[in-house]
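Nothing in this text is a laboratory measurement; each read-out follows from the coordinates by a stated rule. Just so we're clear, the structure is a prediction, and the values are computed from it rather than from any experiment. Cβ coordinates were reconstructed from backbone atoms using ideal geometry, including for glycine residues, and neighbour counts include every protein chain displayed.
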Amino acid sequence: MGHDKYFVYVIELTNQKTYRGHTNNLARRIEEHKTGKSPYTRKFKYKKLLYYETCDTRGEAMKREKFLKSGKGRKWLRQKLAEQSA
């Protein structure tokens, strides 16, 4: 039995860096980041959720995550976050 949606998300860490990932349960995944259950974010603690979007399939979410990690994706995300805070 699969989940209906997948999420691509970007969180800010306490070292001012960002972490991009995908999941089928955003609330659970954020909790894992907060409690140190994610190896990468264990060292640099979760600060806040910056951005997320939904995808229909895991493949789509993985592709979108890869884009957000690319140069064009990073630029797009910076612009998107600037618009949100304006």
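Taking amide hydrogens as placed 1.01 Å from N in the peptide plane, the amide H of PHE44 sits under 5 Å from that of no residue at least 5 positions away in sequence or on another chain. With the highest mean first, a sort of the peptides 27-36, 74-83, 4-13 on other beta-carbon atoms found within 10 angstrom per residue produces 4-13, 27-36, 74-83. Can you work out the FRET efficiency for the pair PHE44 and LYS75, with r the C-beta to C-beta distance and R0 = 35 Å, to the nearest 0.05? According to the calculation, E is roughly 0.95. Overall, the anisotropy analysis places the chain in the oblate class: the square-rooted eigenvalues a ≥ b ≥ c of its C-alpha gyration tensor yield a/c not less than 1.5, with a/b not exceeding b/c. Taking every lysine pair in the chain that is 8 or more places apart or spans two chains, those with Cα atoms closer than 13 Å amount to 11.
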